[in-house]
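The values are calculated or read from the model by the stated rules, or taken from the named source; none is laboratory data. Quick caveat, the model's predicted, so the values are computed rather than measured. So basically every Cβ, Gly included, is an ideal-geometry build from the backbone, and we count neighbours across all protein chains shown.
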Amino acid sequence: MIMFGKPGSIRAIKHSFFITPLSTLAALCLGYIFAYAQNYTNIPGKRIFKVLALLPMLAPPFIVALSWILLFGPHGLITGGLLGVRWGILGWKGLWMVQSVAFFPYAYLIIDGVLQRVDSNLEFAAKNLGASGLHTFWTVTLPLSSPGLVNAAILVAIYVFADFGNPLLIAGGWSVLPTAIYRQVIGYYDLEGAAVLCTLLLVPTLILFLTARKILGGSSYVTVTGRETQSEKPLVGGITKWLLFGFCAFLSLLIVLVYGSLVVGAFTQTWGIDWSFTLKHWSVLTGSSGLSNSLLLALLAGLGASFFSLFACYFIYKQKFLGKRFWDFVVLLPAAIPGIFVGIGFLLAFSTPPFALTGGLVIIVLGLLVWNIPITYQTNIAALEQIGPELEEAALNLGASHVRAFGNVIVPLLRIPFLHGFAMGFMRAVTNLSIVIFLISPGQTTATVQILALVRYAELGEAAALAVALFATAILVVVSISFFTEKGIVAFVRGR
Amino acid sequence: MNEQTFIRIEHLTKAFGKTVAADDLSLTVDKGSFTTLLGPSGCGKTTALRLIAGFAQPDKGQIYIGEQLINDVPPHRREVAMVFQSYALFPHLNVFNNIAYGLKLRKVSRSKRKERVEEVLKLVELQGMEDRQISQLSGGQQQRVALSRALAISPKVLLMDEPLSNLDAKLRVSVRNQIRAIQQRLGITTIYVTHDQEEAFSLSDRIAIMRDGRLQQIGTSWEIYHNPRNQFVADFMGMTNFVKAKIETVGKESVVLNTPGGRLAMFREKDLEFSIGQDILVTIRSEGIEVNKHTPVSRADNTLKGEVKQYSYTGKTVKYWVNVGEGMTLITEHPDPKEILTGKVYLTFDKSCICPIPIK
C-alpha cells in the first residue's frame with residue numbers, strides 16, 4: 001500500500017478518470033455523426049469516407065499519436081510550419097484529440113450497425129404524423145439507437161481507459177494509469193506495485209465489460225411489430241446534408257493527414273526542417289529484426305488463438321445447458337482485461353521457476369495468444385450458432401462419427417469465420433504495444449517497441465518508416481485474406 | 001372528374017433502377033370514398049401509396065389533394081396519415097404517447113390531447129389501454145392502435161398499406177369490418193392497398209387493379225367482377241374458365257359463339273364491337289355452369305356435352321373439371337351435392353355468366 005502514498009499514482013488515477021469520459025464522449029459524437037451521415041444522406045464519397053473511417057483500426061492506436069507529433073508537435077507541420085507557433089498541442093488536450101480520432105472508428109462501427117437496424121418505417125411514421133427531420137431524429141432515431149450507443153460508449157471507454165501508447169507518446173508528464181504502471185515496472189522495477197495499479201485498472205474495465213454484457217442481453221429496441229422492414233431510410237436534405245458532408249470530409253481529411261504525414265515523414269530528411277526526399281530512414285528495416293519478429297509472433301499468436309478457439313468453441317457449444325454460460329464467460333473474460341494487465345500478469349506469473357519463460361519469444365506468443373482468444377472465439381461461436389446443431393446431427397445420422405462430422409461438416413462451414421478471426425487476431429497482435437513491451441527481453445524487439453524507442457530518441461523519420469512498413473504489411477495481410485473470403489475489405493473488417 | 005374528386009393522380013411514374021414501379025398511373029378518388037389499390041405483390045400499389053405520402057419522389061407526374069399540387073410538399077406537411085403494414089408503432093413509447101405523437105407536434109394542449117386519445121381509442125374499442133407498452137399488445141390490438149394514431153390527427157386522407165396481412169384469418173374479417181364502419185362514420189377519404197380480392201371487395205367503393213405499375217381496370221367491385229377488361233383482371237378475380245371462340249352470329253341481344261365444345265350464346269355487350277368471324281376470348285364464370293347427368297329440358301340451347309376429368313369433394317361443394325372439347329376444360333362447382341357425377345355429363349350455361357374479354 002506504499003503505492004497510494006506516492007502522489008504520482010493518485011494523480012495518474014485522477015487523470016485517467018478525467019480523460020476517459022472526455023475522449024469517449026468525443027469519439028462517440030464523431031462516430032455517431034459519421035454513421036448518421038452514412039445512413040441518412042446520399043452525400044457523395046460515402047464509400048471513401050467509410051474506408052477512411054476504418055483506417056485507424058488497422059494501425060497500432062499510438063500511430064495517431066506519432067502523426068500528431070508530426071503535425072501538431074513543436075516542429076509540427078501545422079503548428080510550426082503553417083501557423084508559425086513554437087508550442088505544440090501536447091499534454092492532455094493533445095491526448096484528448098488523439099484518442100478521439102484513434103477510437104472513433106469503434107464507435108462508428110457499432111453505431112452504424114445499430115442505425116441500420118432501426119426500423120425506418122418508424123421514422124417514416126413520425127414524418128407522416130408531422131415530425132420534421134430534426135424532430136424525428138430526437139424523438140425516434142436517437143431513443144431507438146440508445147442501447148447501441150451505450151454499448152459503443154462502453155467499448156470505447158474500455159479502450160481509452162486502457163490506452164497505453166498514446167499517453168506515453170503525447171501526454172509525457174501528464175500520466176494516466178497505464179503509463180504510471182509502465183513507469184513502475186520499467187522505471188522503478190517495482191513489479192508488485194505495478195500489479196496493484198494494474199488491479200485498479202482492471203476493476204473499472206471489468207465493471208464496464210459486465211455492464212455491457214448485461215445490456216446486450218436486455219432491452220434492444222428491435223422492431224416489436226410485424227414483418228420485414230423497408231431497407232431505405234428517410235433521407236436528410238438541404239443544408240443539413242451538406243453540413244454532414246463537410247463534417248465527414250473534414251474528419252476524413254484529418255485521417256488522411258494523419259496517415260499521410262507518416263508516409264511523408266518516412267521519406268523526408270528531417271521533418272520540419274529539411275524537406276528533401278530521402279530513402280535513408282528505410283535502413284531501419286534491415287537494421288534490426290523488429291518487423292520480422294512482429295510478423296512471426298503475430299502469425300503464431302493468431303494461428304494459436306484461432307485453433308484454440310475453434311476447439312473451445314465446439315466443446316463449449318456442445319455443453320448446451322450445464323456449464324455453457326460459465327465457460328462462455330471464462331473464454332470471453334480476457335476481452336475485459338486490458339493488454340497491459342495481460343502483459344504484467346504474464347510477467348509476474350512466468351518470471352520465476354518452475355514456469356520461467358521470460359527471456360524468450362514463447363512468452364510473448366502466449367501472451368498475445370491468450371489476449372486474442374476472445375476475438376477469435378466470438379467469431380467462431382457466432383458462426384456455430386448460425387449453423388445450428390442440425391447439420392452435425394444429419395451427418396451423424398448418415399453414419400459419420402463425431403470427429404468426422406466435425407471435420408467434414410463443421411470445419412468447412414467455419415472456414416470464413418476462422419479466417420476472419422485469424423486476420424483480426426493477427427492485426428491486433430502485430431500492432432500491439434501494451435503486452436509486448438513488458439514481455440520482451442534485451443536483444444529482442446518488435447516493430448511497435450522499436451517505433452516507441454525511435455520516437456523517444458527523436459528519430460521521427462525512422463519511426464515513421466517503420467510505422468508505414470508495419471501498417472502496409474497489416475493491410476496486405478488483411479486484404480489477401482479478404483480475397484479468400486470473397487467479400488469486400490470493408491465488410492471483412494466489419495465482421496460480416 | 002366531378003365536384004366530388006378529392007385526390008387526382010396524373011401520369012405518375014417511378015422507377016427504381018431498372019424496375020418500373022409506377023408506370024403512367026392516373027386515377028381519381030372521390031371525397032369520403034374508400035378506394036382500394038388491388039394487385040399481386042410487386043405490382044406497384046405500395047409504391048403508389050408511398051408516393052402519395054411523400055416518402056419518395058415521382059420521376060414524372062402530379063399528385064393533387066384538394067386542388068393543391070402536393071409534389072413539392074414535404075412528407076411531414078401533407079396531412080395524409082398512413083397505417084403501415086408493420087404498424088410502425090414506436091416501441092419506446094406507450095399507447096398513449098404513440099397516439100398523442102402527432103397531436104403534440106400540432107401543439108394541442110395537454111387536456112385536449114388526453115380527450116382526443118380517449119376518443120380515438122374508444123372508436124377502435126381499446127379504451128383503457130393508454131398505459132400499455134406496445135410489446136404487451138396482441139397483433140390485432142397493435143393494428144388498432146396504429147389506426148387510432150393515424151386518425152387522431154384528423155388527416156385529410158387515410159392511407160392503409162396492407163394493414164391486415166399480419167393478422168390471422170378470423171381476426172382479419174372482424175377488424176376489416178371495424179375499419180369499414182369507422183371509415184364510413186368519419187367520412188374520411190381512404191386509399192387502401194391489398195392483394196386480397198375478397199378484402200378489397202368487402203371494403204371498397206371503388207377498386208383499382210394494378211399490374212407491373214400500370215392500372216388495369218378501375219370500377220366498383222360489381223363492374224370489375226362482371227366485366228373484367230382483360231385476362232389478368234379476370235384471372236385475379238378468381239375466374240378460371242377462359243375460352244377462345246369465334247363469333248358465328250351477331251344478333252340484337254345476343255351473340256353466338258363457336259367454341260371447341262360447341263355453340264354458346266352470350267349477351268351482347270353494348271360498348272363492344274362484334275363482327276362475324278372475329279376471334280374472341282371469353283371467360284365463363286363457374287357459378288353460371290350447371291352440371292347434370294342428362295340434358296335439362298329447358299335451357300337446351302346453351303348446353304354442351306362433356307366428360308368429368310377430375311373432381312374434388314370438400315364437403316360443402318364438389319368441384320368438377322369437365323372437358324367439353326378440344327383443349328377446353330371448364331371448372332364448375334356444385335354446392336351441397338346429392339351425389340358425385342362421373343363420366344359423361346351435360347353442362348348448361350347461364351348466358352349472363354359468359355363474359356367477353358377485349359383482347360388488347
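Got at least one residue in the range B:86-106 being without any contact (Cβ under 8 Å) to a residue 24 or more places away in the chain and of a type in the set (Val, Ile, Thr)?
No; the residues of the range B:86-106 include none that is without any contact (Cβ under 8 Å) to a residue 24 or more places away in the chain and of a type in the set (Val, Ile, Thr).
Residues that are touching a Phe, Trp or Tyr at 6+ places or on another chain (Cβ under 9 Å) and within 16 Å of A:Gly302 (Cβ to Cβ): which helices (runs of 4 or more DSSP H) entirely in the range A:353-472 hold 2 or more of them? Let's see the steps before the verdict.
Working: elements: A:362-387, A:390-397, A:402-405, A:415-430, A:436-439, A:447-456.
By residue number, A:362-387, A:415-430.
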Of those in the range B:126-167 that are closer than 23 Å to B:Thr194 by Cβ, in a strand (DSSP E or B) and at the interface with another protein chain (Cβ under 10 Å from one of its Cβ atoms), the residue farthest from the chain's Cα centre (by Cα) is B:Leu159
If we keep only residues of the range A:221-279 that are over 29 Å from the mean Cα position of the chain (by Cα) and assigned to a helix (DSSP H, G or I), then the residue modelled with the lowest pLDDT is A:Gly238
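If you go through the range B:230-259, how many residues are part of a loop (DSSP other than H, G, I, E, B), touching a Lys or Arg at 6+ places or on another chain (Cβ under 8 Å) and either among the basic types (Lys, Arg) or loosely packed, with under 15 Cβ neighbours inside 10 Å (or both)? Full working, then the answer.
At the first step, the residues of the range B:230-259 found to be part of a loop (DSSP other than H, G, I, E, B) are B:230, B:237-241, B:251-253.
Next, from what is left, pick out any that are touching a Lys or Arg at 6+ places or on another chain (Cβ under 8 Å): B:230, B:239, B:241, B:251-253.
Filter again for either among the basic types (Lys, Arg) or loosely packed, with under 15 Cβ neighbours inside 10 Å (or both), leaving B:251-253.
The total comes to 3.
Which one of these is within 30 Å of B:Lys18 (Cβ to Cβ), under 18 Å from the mean Cα position of the chain (by Cα) and of a type in the set (S, T, N, Q): B:Gln183, B:Gln231?
Working: B:Gln183 fails: within 30 Å of B:Lys18 (Cβ to Cβ).
Exactly one residue qualifies, and that residue is B:Gln231.
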Pairing a residue in the range B:321-340 that is assigned by TED's automatic domain parsing to the domain that holds B:Lys309 with any residue that is surrounded by fewer than 18 Cβ atoms within 10 Å (Cβ to Cβ) and among the basic types (Lys, Arg), where Cβ atoms lie under 6 Å and the two sit 6 or more apart in sequence or on different chains, gives B:Trp321/B:Lys309; B:Asn323/B:Lys309; B:Glu333/B:Lys319
Within the range B:42-63, restricting to residues that are in contact with a Ser or Thr (Cβ under 9 Å, 6 or more places away or on another chain) and on the phi < 0 side of the Ramachandran plot, the one that is farthest from the other protein chains (Cβ to nearest Cβ) is B:Lys60
Within the range A:112-130, of all residues that are in contact (Cβ under 8 Å) with a residue 24 or more places away in the chain and not in a helix (DSSP H, G or I), the one farthest from the other protein chains (Cβ to nearest Cβ) is A:Val118
Contact list, first residue from the range B:287-304 and more than 18 Å from B:Met266 (Cα to Cα), second anywhere and among the acidic types (Asp, Glu) and at pLDDT 70 or above, beta-carbon distance below 8 Å, six or more apart or interchain, is B:Pro296/B:Glu290
